[in-house]
1. Can you say whether A:Ile128 is surrounded by 14 or more Cβ atoms within 10 Å (Cβ to Cβ), in contact (Cβ under 8 Å) with a residue 60 or more places away in the chain, under 33 Å from the mean Cα position of the chain (by Cα) and assigned to a loop (DSSP other than H, G, I, E, B), as far as the supplied structure shows?
2. Which one of the conditions (1) away from every other protein chain (no Cβ under 14 Å); (2) in a helix (DSSP H, G or I); (3) surrounded by fewer than 21 Cβ atoms within 10 Å (Cβ to Cβ) does B:His227 fail to meet, given that it meets all the rest?
3. Is it the case that A:Asp103 is surrounded by fewer than 20 Cβ atoms within 10 Å (Cβ to Cβ), among the charged types (D, E, K, R) and at pLDDT 85 or above?
4. Give me the pairs: first residue in the stretch A:436-449 and under 16 Å from A:Asn414 (Cβ atoms), second residue part of a helix (DSSP H, G or I), beta-carbon distance under 6 Å, and six or more apart or on different chains, which are they?
5. Which of the residues that make up the stretch A:210-226 are more than 18 Å from A:Glu131 (Cβ to Cβ) and within 25 Å of the chain's Cα centre (by Cα)?
6. Kindly indicate the residue of the stretch B:166-195 that is within 13 Å of chain A (Cβ to nearest Cβ) and in a helix (DSSP H, G or I) and also nearest to the chain's Cα centre (by Cα) among those meeting that condition.
7. Just checking, how many residues over the stretch A:158-180 are part of a helix (DSSP H, G or I) and surrounded by fewer than 20 Cβ atoms within 10 Å (Cβ to Cβ)?
8. Considering each of A:Ala37, A:Ala66, A:Ala13, A:Ala44 in turn, give the residue that is buried (at least 17 other Cβ atoms within 10 Å of the Cβ) and within 14 Å of another protein chain (Cβ to nearest Cβ).
Amino acid sequence: MTFEECTVAYNDANAVLTKGIQTRRVDFPELADFNFARRRFMSAVKRGAMHEDWEKASVFFCTVHAKLARTPCSPSWLINHLLNDRGGQQTLKKLQHRVCSVDPSVRESYKELLEGMKRISSIDTNPILTEVLALLPKGFRNNCKILFVLRDLMLWEEFRNSIRHIPDSDLSEIVKPSYLRERQRGDRIFLFGPPWMFSLRNEEYLLRSPAARKIFIIGCAHEFSGEIRLSGFDDSVMIPISGTQKPTSEDDPYSFETLLSNQGGRLVFKRSSVSRVWESGSVIEAVPFKFGNKRGTYLRTDSKVWTVLVNNVGGIPRCAAVEKVDVKDLEPEDLILMTTHGGGDMIPVVADMILPHSKQIRELQSVWKNALIREIERHGIDEVVVRLAHYGATKASAANVRNWANPRSLGMENLDSDLVALLKLIGLESQYTSIVDGIQKLRGAHQSAGAQLQRRLRENLEGQDLRSVFTHGVMEVKHGNGPAKTIFIIEERGVVEEIPEELEGELLEMDE
Amino acid sequence: MTPPETAFDLPLWAKDLISSGERFYDLIHNHEDRRLTVALCLPRVEFSAGFIGLGILKNALEQVLQSNEPQLRELLGSMVSYQDPKGRVVVGILELRENEKTYSILEPINVSKSLKPGAVTQRRTLLKPREYGKVTALPMNFNPNRQIRSRQIEKVISHNQSILELSRILDCELTHLQSRPLGVLFNVFGNLSRIRSEWSQSLSKDKNVILGEVLRPADEKDCEDSHRCRFFPVHSEIAENDSCIEIIEGSRALPDQLSSTRSLNRIILLARNAPCYKDCVASLRESYSLCKGDATGFNIENSKPIISLAFFHK
């Protein structure tokens, strides 16, 4: 960032703190009624501790309300999209015949919800969009760059269509919230949803460190409440809100946001209590993520992962691009690309694609690594270190030997002394030449893989139909005979934890 | 005709950060038996450590200048530099006329082509007593006749421009820094590559106004012997017996850093766009709950986006 850019950021913050954030509440009576029924339905399902399918329906209705109330998309299009592209139809179909035999409170509210959806389906223009259009400068905008913040990439295309006719529409851009943390700025920013949602989703930075001089928050009147603390040093000092349409206080909006119920909470994975021999004992800071298929993983806080960007041209979600993003900016509903056997690290996959006979080489690697693990289990790490030193290893230490045994490491630095000693220990001296050859080939392939990775990923994935990620939470991508990669949809993001270093990127089952 | 050059000035937020550094320095010297924490909540963390450092440097220098009488006698016969009231930098040998009790600077001989062959000019600048403090010694290896490469010239010019511009903006004779070693004044814990890039770029489009030229971090090639601050990666451990001011950019390591700097004076910089902002504020509030009194008079005056919390923690 240059000094001028930094000064602009301070000027933006100054303007927002002086003039306040502009808030607009819009009336959407059909949605308010739907929301009322949704709350009753959810309470009844929770109270009755009902079957998982009813809980799924709860989540679906919650999603319907959230998307309608917190995006400017056309209600008729949106409901159709959620039913057909996001698995809503399947969820409701399962309940079709069971609804007659459930508790009357569930039945009544369920019917109300279906009728509500039908009513809303006949509305083409979202009242939020009407408010947006009223707030846009009329005529020539004098290069005024407007940014619309929409989390869900699948909705971008529809929204882009609805603002296509505004003057200078090429100066308007749709962005994800995380794009405004560091990278981009505009003259006006439009945010959608109630103010409390920004606190709930840890997105207060959009207002505390604004990327424009003017910020608008537009939301539905029936859920428009909450304020945002300015610094957090003093709980009573809030970011000023201007105008007469200030948020009203409402009864606990959080309790009904099941989609976000674990936000900031702890995600628990099933983990083996037996530590593996290559675990070094060192811990790292990592963020747990829950994926759409009841699995999840930990990703190192300061690392980057591959994400898949989606567009929704013609009603089918397709891969638009792949991009490496910071783990700190991953959000629910982002799609991330991982190898099935652990690791946000895709390099081994590409290395195997480049390297001829990679399977045999990896198998030979497993032979000596497994033999070493058996030795450690049988005699203990200290005894193995002493014996390796006896056979002439120069860098045998407990940490190094653990690292050599780790399936993710390629091998030791000093092949002449340390590998020879290790092979003597496990009785595989005769394989020395082929093992050395394999390690060197793997090293070379890993180096080239880094450079080829992005190009290959883009080639493999661009234009792929991604519907199954949104319906099943997971999608395997195969390319020729190459190893499989998997796209996961992030359902929840947990809080930072300290975990054993080796656990990073491993696919783990959620502990229900 | 070229447009008249406008004087470069810093924006309000930068000036406020400089004032914060000055006030911090004054406060810790007025309360030597106590330890001060100042947390600054900012829209962005970029450049903040540099400007705060500049404020600390300014007051540290002024304190040194006030406490030392101008000892011009010690500089007699050596190469000195001095900026006259018109802004012209005079470089030459310091002389004393014993009978008149006046000091002057004799500039090197200037051979001009416009004069007759063999003719030379030499200028002597008389110093007024109130200007004695502005005279600074040039490094021992200064040689006006030395041949230097163009890159070195550029570097020297850039250095001088930065010193002169920042002197004007701060209203402080930073030229004295060359003759008065201040030692290491502060440590910065943060994103090193970003800070290095901020401190090496010019703040002005027209002139060289480079923070690093004045603040001289220890890891810069030319600053090894004359550095005034040190950089450390954000997760580094802080020596508990360090006597410097610690400037810490908030990160996930902040709880540990707050705990290890309990006996030190520290400035914590919290960027409101940082992913760990909430956690940093929580750890800071925890420290504040154990504080030994508020440090009054530390409000940021002009710039609304900067919010401060100042307290004594010992």
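The values are calculated or read from the model by the stated rules, or taken from the named source; none is laboratory data. From a predicted model like this one, the values you see are computed outputs, not experimental measurements. As a convention, Cβ positions derive from the backbone with ideal geometry for all residues, glycine included, and neighbour counts pool all protein chains shown.
1. In short, no.
2. (2)
3. Details: surrounded by fewer than 20 Cβ atoms within 10 Å (Cβ to Cβ): yes; among the charged types (D, E, K, R): yes; at pLDDT 85 or above: yes.
Yes.
4. So the pair list comes out as A:Val436/A:Leu415.
5. Hits for the stretch A:210-226 are A:Pro210, A:Ala211.
6. So, considering only residues that are within 13 Å of chain A (Cβ to nearest Cβ) and in a helix (DSSP H, G or I), the one nearest to the chain's Cα centre (by Cα) is B:Ile195.
7. If we filter the stretch A:158-180 for residues that are part of a helix (DSSP H, G or I), which is where we start, we get A:158-162, A:169-171, A:179-180.
Now narrow it down to the ones that are surrounded by fewer than 20 Cβ atoms within 10 Å (Cβ to Cβ): A:158, A:160-162, A:169-171, A:179.
Going through the stretch A:158-180 one residue at a time, the tally reaches 8.
8. None of the others qualify; the one that does is A:Ala13.
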